[in-house]
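*Asks:* The structure's right below; bear with me while I get my questions together.
Values in this text are rule-based calculations from the coordinates and carry no lab data. None of the values given here were measured: they were computed from a predicted structure.
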Amino acid sequence: MLIRSFRLGDYVHITRIWQETGLEQTETETLDALAKQLAWDSDLVMIAEYEGEVAGVIVGTIDGTRGYFYRLAVNPALQGRGIGRKLVEALEKRFKERGVTRVFIMVNQDNKKVLPFYSLLGYEVKEYITLSKKLITPDTE
């Protein structure tokens, strides 16, 4: 297994994985969000290759000493082989190299089946309330 930074040719593969795992929003939102992250810090978008094929993806971002990751997904046919764990560990290593001291992830409350996976990696469920507001700009109406 190889963990590496994102390459442009990976886009088709990772969007398929996001679709298969239910993580894709609209194609436009996905492309916009990924493009912004790649422009900001492409080394925090990491890919797992398994037997020469794109098998998983994780997207990270940093705010000061806090690291965040989201859209961790592994091809459903390849889950259970440690690919997700290796992606998280590789991103955590990059976070540490950049001075991150705490990592946060958000899990949709309808996706509680992933909590044991994160627990095995040392993540604890914290009681937070997340508030969200969609901002409409003139060009997105």
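*Asks:* Given the options F69, F95, F104, state which has the largest fluctuation in a GNM of the chain using a 10 Å cut-off (strictly under) for Cα springs.
*Replies:* F104
*Asks:* So, in Å, what gap is there between the alpha-carbon centers of the range 104-128 and the range 37-100?
*Replies:* 16
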